[in-house]
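The values are calculated or read from the model by the stated rules, or taken from the named source; none is laboratory data. Because the structure is a prediction, the values reported are computed rather than measured. Note that each Cβ is placed from the backbone with ideal geometry, even for glycine, and that neighbours are counted across all protein chains shown.
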Amino acid sequence: MLTDHTGSYYAASANPTPQRPPLQGLVEADVCVIGAGYTGISTALFLLEQGFSVRVLEAVKVGFGASGRNGGQIVNSYSRDIDVIERTLPAPQARLLGEMAFEGGRIIRDRVQRYGIQCDLKDGGIFAALNAKQMQHLQAQKALWERYGYNHLEMLDGTDIRQRVDSQRYVGGMLDRQGGHIHPLNLVLGEAAAVESLGGVIHEHSAVIRVEPGERPLVHTAQGQVRARFVVVAGNAYLGGLIPQLAAKSMPCGTQVITTAPLDEELARSLLPEDDCVEDCNYLLDYYRLSADRRLIYGGGVVYGARDPANVEALVRPKLLKTFPQLADVKIDYAWTGNFLLTLSRLPQVGRIGDNIYYSQGCSGHGVTYTHLAGKVLAEALRGQAERFDAFAALPHYPFPGGRLLQVPFSALGALYYSLRDRLGI
Ligand SMILES: Cc1cc2nc3c(=O)[nH]c(=O)nc-3n(C[C@H](O)[C@H](O)[C@H](O)COP(=O)(O)OP(=O)(O)OC[C@H]3O[C@@H](n4cnc5c(N)ncnc54)[C@H](O)[C@@H]3O)c2cc1C
């Protein structure tokens, strides 16, 4: 079990990883990255591959945040789909973002192969429809993705989906053959090892407490400073108020995950015979998959404002049993919560403060693929190729109505509305 992590199944089954000492004293680097989740580590890796010197400062441990706690589902595109982006941005920029929507998954597969990362990568993801309206939506999504040249999708009718998911809940679904799943913490730990293999330095227990802007910004921790040409802010939902300009237009939200005891082989195979991962099409969605040691990892629910719920198992177990009543007697071994960052549009918040402080955050629930792409796009921008970065930065973002104090009630109201819609199937 890795200490300092949340009490997750992932921490309990993490690959061995070194202790990384805190930053001490003043050091220089081309780039200082704040946060060692997928966004920070992916950015660091792309930068190192291009010859930059990089220091990563992590408040707790590599993968402490959402990247080490998530459902492990490789979901293509963004939390809001390309059609929303097409309605938001001028055509050339929307086109660029649409073309990038499938790149993050390819980056993950490339990283896993190139650096030999052991993270149980499996192909195959299912979007499961609970009603006819959601099936229509999936048909439209297939047509949309195919318009961008993505041809790995297959519609599943009620009979097809039951051959891949042993649940009576779904009227059908869509299989994404280039979706899939990973052990999320082992992915980021493997990427961190790749960073170090290229000469990057990662400091754990090195919370950034202040960023002093300037021609060469100075990034402060309790015991040290990094002077850098560029700063990349990748603290996402765990950043707090470090960069006040970023806080108003985003809100941390918690989502909860439970993990069963290992299932016997026959039962596991009966639930998900093709070992796909599944997410349903509700706004407040359920997501699940099997682990490599045949546990069911089941997530669902959102707590606005990222308060930790007292009893995660009590919150998520009923959802699991609604999908798989045949697991009524199965023991839950792990239960945890993690925070993702929501924006009002549910599209990522990307940009630059002054000339040299860059950020990417707020991918609003679906971030495993996007954060890997973000690393590439940020690294391009730091090299002076900002066309793709600028397309993301053009996405408009708005403060949550009522400001920080009212964010939670406002969004909880929104969630209530959407959950009612989910339940009524409208
Ligand atoms: C429970 C859960 C399930 C999810 N499931 C899925 C899924 O199945 N598929 C999917 O696509 N997406 C999923 N997501 C979303 C996805 O995990 C995130 O979008 C993604 O991991 C965000 O990565 P990140 O690097 O931006 O942020 P994080 O992984 O949260 O990393 C931020 C890091 O910055 C550090 N940090 C913050 N402030 C400071 C500071 N001042 N100084 C130094 N370090 C700092 C934190 O300690 C943390 O380690 C899920 C999220 C959660 C919480």
Quiz item: Which residue out of L267, L284, L263, L271 is more than 9 Å from the ligand (Cβ to nearest atom), modelled with pLDDT under 95 and of a type in the set (A, V, I, L, M)?
Solution: L284
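Residue under question is E191, and the condition is that it be over 20 Å from the mean Cα position of the chain (by Cα) and in a helix (DSSP H, G or I); does it hold?
Criteria not met by E191.
Quick one: which of S345, S411, S360 is assigned to a loop (DSSP other than H, G, I, E, B), within 16 Å of the ligand (Cβ to nearest atom) and either of a type outside the set (D, E, K, R) or modelled with pLDDT of 95 or more (or both)? Steps first, answer last, please.
Numbers: S411 fails: assigned to a loop (DSSP other than H, G, I, E, B); S360 fails: assigned to a loop (DSSP other than H, G, I, E, B).
So the residue among S345, S411, S360 that is assigned to a loop (DSSP other than H, G, I, E, B), within 16 Å of the ligand (Cβ to nearest atom) and either of a type outside the set (D, E, K, R) or modelled with pLDDT of 95 or more (or both) is S345.
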Quiz item: Taking region 246-262 on its own, how many of its residues are farther than 19 Å from L284 by Cβ and not hydrophobic (A, V, I, L, M, F, W, C)?
Solution: 4
Practice problem: Confirm whether G384 is in a loop (DSSP other than H, G, I, E, B) and at pLDDT 90 or above. | Solution: yes
Self-check item: Every pair of residues 6+ apart whose Cβ atoms lie under 9 Å, when the first sits in region 37-58 and is without any contact (Cβ under 8 Å) to a residue 24 or more places away in the chain while the second is part of a strand (DSSP E or B) and away from the ligand (no atom under 14 Å from the Cβ)
Solution: G51/D30
Quiz prompt | When residues of region 301-332 are limited to those that are among the charged types (D, E, K, R) and surrounded by fewer than 14 Cβ atoms within 10 Å (Cβ to Cβ), the one farthest from F400 (Cα to Cα) | solution = D329
Exercise. Select from region 240-268 the residues that are under 19 Å from P396 (Cβ atoms), of a type in the set (S, T, N, Q) and not in a loop (DSSP other than H, G, I, E, B) and list them in ascending order.
Key: Q245
Self-check item: Qualifying position, being part of a helix (DSSP H, G or I), within 14 Å of the ligand (Cβ to nearest atom) and either surrounded by fewer than 18 Cβ atoms within 10 Å (Cβ to Cβ) or within 20 Å of the chain's Cα centre (by Cα) (or both), among A222, A237
Solution: A237
Self-check item: Considering residues of region 5-45 that are surrounded by fewer than 24 Cβ atoms within 10 Å (Cβ to Cβ) and either in contact with a Leu (Cβ under 7 Å, 6 or more places away or on another chain) or of a type in the set (S, T, Y) (or both) only, the residue farthest from Q256 (Cα to Cα)
Solution: T17
Exercise. Out of the residues in region 11-35 that are closer than 15 Å to L48 by Cα and among the hydrophobic types (A, V, I, L, M, F, W, C), state the one that is farthest from the chain's Cα centre (by Cα).
Key: A29
Quiz item: What residue, among those in region 195-206 that are more than 20 Å from the chain's Cα centre (by Cα) and part of a helix (DSSP H, G or I), is farthest from the ligand (Cβ to nearest atom)?
Solution: S197
Quiz item: Which residues, counting only those in region 57-97, are away from the ligand (no atom under 16 Å from the Cβ) and polar (S, T, N, Q)?
Solution: T88, Q93
Quiz item: Just one of the numbered conditions (1) farther than 22 Å from A228 by Cβ; (2) not in a loop (DSSP other than H, G, I, E, B) is not true of T371; which one?
Solution: (1)
